[in-house]
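**Student:** One structure, pasted below without further comment.
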Amino acid sequence: MQRKIHHVGIAVPSINEAIEFHITGLGMKQESEIIEDEVLNVKVVLLSFPHQHIENAYLELVEPLRKPSPVDEILERKNRLYHYCIEVPNLKHALKTARENHGIIVKRPTPAKLFNGRLIAFVWTTSNYLLEFLEKRK
């Protein structure tokens, strides 16, 4: 099964301040509009490095939309690295494999506005980190 890292998610208290820092301070560029995803209760945006050599490896900034939000606890702990995301051709198969390897599904398949309705799901791994699966476009 072909997989690749699609993005790394970072929780931020202010998405606008974080965008400014990453663009001005690190030379990144904004790849999407700021999306308010009411279903996931977050604001999100994708950034990338211009002329990056890794195709489609993005940085996703994630801000709580309203309380309670899935990223509140992460921000309270001051652990900003939130998750990394793997793009998979078949989400059901990826979740089945994760479960068979003792992963815990913490967010069932849900359409994500940032990815134009493509399905995402989150798994807590046996190594104690959060992994997101993004279903590849069909």
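The values are calculated or read from the model by the stated rules, or taken from the named source; none is laboratory data. None of the values given here were measured: they were computed from a predicted structure. Cβ: placed from backbone, ideal geometry, glycine included. Neighbour counts: every protein chain shown. Only protein heavy atoms, including side chains, enter the accessible area calculation; ligands, DNA and RNA are left aside. Shrake-Rupley method; radii C 1.70, N 1.55, O 1.52, S 1.80 Å.
**Student:** Please enumerate the residues belonging to the stretch 23-58 that are under 22 Å from Tyr129 (Cβ atoms) and modelled with pLDDT under 90.
**Tutor:** Ile54, Asn56, Ala57, Tyr58
**Student:** If I filter the stretch 12-36 down to residues being within 19 Å of Asn116 (Cβ to Cβ) and of a type outside the set (Val, Ile, Thr), which single residue comes out as surrounded by the fewest Cβ atoms within 10 Å (Cβ to Cβ)?
**Tutor:** Among those residues, the one meeting the criterion is Glu33.
**Student:** Something else about it: Hey, among Tyr129, Tyr58, which residue is open to solvent by 20 Å² or more (accessible area, probe 1.4 Å) and closer than 14 Å to Ala11 by Cβ?
**Tutor:** Tyr129
**Student:** Only one of (1) in contact with a Leu (Cβ under 9 Å, 6 or more places away or on another chain); (2) of a type outside the set (Asp, Glu); (3) within 16 Å of Ile5 (Cα to Cα) is not met by Leu65, so which one is it?
**Tutor:** That leaves (3) as the condition not met.
**Student:** Something else: Filter the stretch 106-121 down to residues that are open to solvent by less than 90 Å² (accessible area, probe 1.4 Å) and farther than 19 Å from Val45 by Cβ and give me whichever is nearest to the chain's Cα centre (by Cα).
**Tutor:** That would be Ala121.
**Student:** Restricting to the stretch 37-51, name every residue that is part of a loop (DSSP other than H, G, I, E, B) and buried (at least 19 other Cβ atoms within 10 Å of the Cβ).
**Tutor:** Leu40, the sole residue that qualifies.
**Student:** I'm trying to understand the selection: among the residues of the stretch 1-42, which are of a type in the set (D, E, K, R) and more than 22 Å from Glu87 (Cα to Cα)?
**Tutor:** If the condition is that a residue be of a type in the set (D, E, K, R) and more than 22 Å from Glu87 (Cα to Cα), then Glu17, Glu20, Glu38 are the ones that fit.
**Student:** Okay, moving on. Give the residues of the stretch 79-105 that are within 14 Å of the chain's Cα centre (by Cα) and open to solvent by less than 90 Å² (accessible area, probe 1.4 Å), sorted by residue number.
**Tutor:** Within the stretch 79-105, Arg80, Tyr82, His83, Tyr84, Cys85, Ile86, Glu87, Val88 qualify.
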